[in-house]
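Worksheet for the structure shown next.
The values are calculated or read from the model by the stated rules, or taken from the named source; none is laboratory data. Since this is a predicted model, take the numbers as computed values, not measurements. Note: accessible area is taken over every heavy atom of the protein model, side chains too, but ligands, DNA and RNA are not part of it. Shrake-Rupley method; radii C 1.70, N 1.55, O 1.52, S 1.80 Å.
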Amino acid sequence: MPRQIIDRSQKLFDHAQKFIPGGVNSPVRAFRSVGGTPRFFTKAKGAYLWDADENRYVDTICSWGPAIVGHARKEVIDAVKKAAEGGLSFGAPTAGEGELAEWVSKHLPSIEMLRLTSSGTEATMSAIRLARGFTGRSKILKFEGCYHGHVDSLLVKAGSGLLTFGNPTSAGVPESFAAETLVLDYNDTDAVKACFTEHGSEIAGVIVEPIAGNMNLVRPVPGFLETLREQCTAHGAVLIFDEVMTGFRVGAQGVQGLTGITPDLTTLGKVIGGGMPMGAFGGRSDIMRQVAPLGPVYQAGTLSGNPVAVAAGVATLKIVSEPAFFETLGKLTGDCMQGLTQAAREAGIERFCADSVGGMFGIYFSHECPKSLDDVTNSNREAFNRFFHAMLERGVYLAPSAYEAGFLSIEHLGDPIDIILKTAREAFKEIASVANA
Ligand SMILES: *Cc1c(COP(=O)(O)O)cnc(C)c1O
């Protein structure tokens, strides 16, 4: 195999590192977990990306979810162009915002009212403020391995002991903030019950990724989300489903549609902006009516509901809601995972498995699919890193960390999937000895 030339990416990376911490504007892009030179991209179309050296890749990140209808899809680009020509931002309301809000509410009936933000982080930050304002309580319960954006009080991990208050995972988060956050293991239903028994009257809300995607893909075990719903109802706490990743990604109604479990509030992001910066939080109208200007919980944004972002979102969501969209996406993603598993076995690798929900997937160098952050940590991450590079050099762009989920688009059907599988057969052979070690 001829070595891939990445001179221009290397040059751009060297330059960027002089002015931007780590050369990137979001840490995972720096390849710290897998090592090597991050690719700088110049173009994307459908299922493919092109880097600055004109290498082509099949993309399995899709901008961490948003590019679900394929990159630079005509309907989306046309809508963005049209909106942009009419002015980029007014700082005043527009028709598109109401259209998008109605559309979201129709598809996710638990969202009676919603507010648009410019990122997922803003959505979760606002949702927990709202839960606190609504209940008059201060504690938030979250789960190890779930990521809810870089909100101070959510950058917290479990301390030691069974029922513990959190410790900051980032410098700059005061311990007093972290003390307001309770952290439990994902899928630990008994710990949830015990936590509510002890702290029930102090808990403002529970925030959870109802299918986790920020410690790779981890499904909820039967009973976990049900228990969260029961306990929140029994103790008057607000249940927040953080569907920033899963919303319009695992199915048209998110995880709440797949499971039939209704949260009080939902946060959205990623797909809802169709590749433009956008997030949203919404839910029960009695709770949402606490948000300013109707209520006392302050929340705002100069570019919130930006007309260009809204146009991209509406155009994307229209395609996503076409009949059979998620059936097709779910099947192509599932078939790809089955193909990968078969390719691993053919290369003699037993310690590999793969899972998917809708257009979101996880691959793990472990015997079984993980149920918690510990399980992911105990997978063979060295094998993942080798596999990542073996795929990258051959033109398949995987998420650069064993702790990230992957994402496919409707445009992956056909050739792109064939390329992924053909490439994986070679890559698995190359790394088999590491994977089996
Ligand atoms: C990506 C993500 C966020 C943060 O969204 P940003 O737009 O990056 O701020 C929050 N929660 C979940 C579940 C996410 O996947």
Which percent of Cα-Cα pairs in segment 74-320 sits in each 10 Å bin, short to long?
8, 33, 35, 18, 5, 1
How large is ³J(HN,Hα), in whole Hz, for each residue of segment 400-417 in order, when computed from phi with the Karplus curve 6.51 cos²θ - 1.76 cosθ + 1.60 and θ = phi - 60°, using x for Gly and Pro?
x, 5, 5, 9, 10, 7, x, 9, 10, 10, 5, 7, 7, 4, x, 3, x, 5
For Lys139, the residues 5 or more places away or on another chain with a placed amide H closer than 5 Å to its own amide H are Ala204
In Å, what is the Rg of the alpha-carbon atoms in the chain, and how long is Dmax?
21.4, 63
Based on the alpha carbon coordinates of segment 131-220, what radius of gyration and maximum Cα-Cα distance (Dmax) apply, in Å?
12.4, 34
Restricting to lysines and to Cα separations under 24 Å from Lys142, and discarding same-chain partners fewer than 8 apart, the set is Lys157, Lys193, Lys270, Lys371
Rounded to the nearest whole Å², what accessible area per residue is found for the chain with the 1.4 Å probe?
42 Å²
Using each residue's phi in segment 123-129, evaluate 6.51 cos²θ - 1.76 cosθ + 1.60 at θ = phi - 60° and report the 3J(HN,Hα) Karplus result to the nearest Hz, with x for Gly and Pro.
5, 5, 4, 5, 5, 6, 4
Once phi for every residue in segment 30-35 is put through the Karplus expression 6.51 cos²θ - 1.76 cosθ + 1.60 (θ = phi - 60°), the whole-Hz ³J(HN,Hα) values, with Gly and Pro written as x, are 7, 6, 4, 6, 9, x
Mean Cα-pair separation over length for the chain, i.e. relative contact order, pairs under 8 Å, 6 or more apart, %
21 percent
Tell me, what is the 1.4 Å probe accessible area of Glu404, in Å² to the nearest 10?
40 Å²
When N is the residue count of segment 303-437, what does its C-alpha Rg come to as a fraction of 2.2 N^0.38 Å?
1.17
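Lysine pairs in segment 31-122 with alpha-carbon atoms under 24 Å apart, 8 or more places apart or on different chains: how many are there?
Close lysine pairs under the 24 Å cut-off: 7.
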Quotient of C-alpha Rg and 2.2 N^0.38 Å, computed over segment 269-382:
1.53
Using amide H atoms built 1.01 Å from N in the peptide plane, name the residues 5+ places from Asp185, or on other chains, whose amide H lies under 5 Å from its own.
Glu144
Mean residue ellipticity (222 nm) of the chain, computed from DSSP H runs ≥ 4 via -39,500 (n - 2.57), nearest 500:
-12000 deg cm²/dmol
Express in Å², to the nearest 10, the accessible area of Leu265 obtained by rolling a 1.4 Å probe over the protein heavy atoms while all chains stay in place.
0 Å²
For segment 105-164, what is the convex hull volume of the alpha-carbon atoms per residue, in Å³?
123 Å³
So for Ser201, Ser63, what's the accessible-area order with a 1.4 Å probe, most first?
Ser201, Ser63
Residue-level accessible surface for Glu411, protein heavy atoms, 1.4 Å, Å²
80 Å²
Above 15 Å lies some portion of the pair distances; for segment 160-212, what is it as a whole percent of all C-alpha pairs?
51 percent
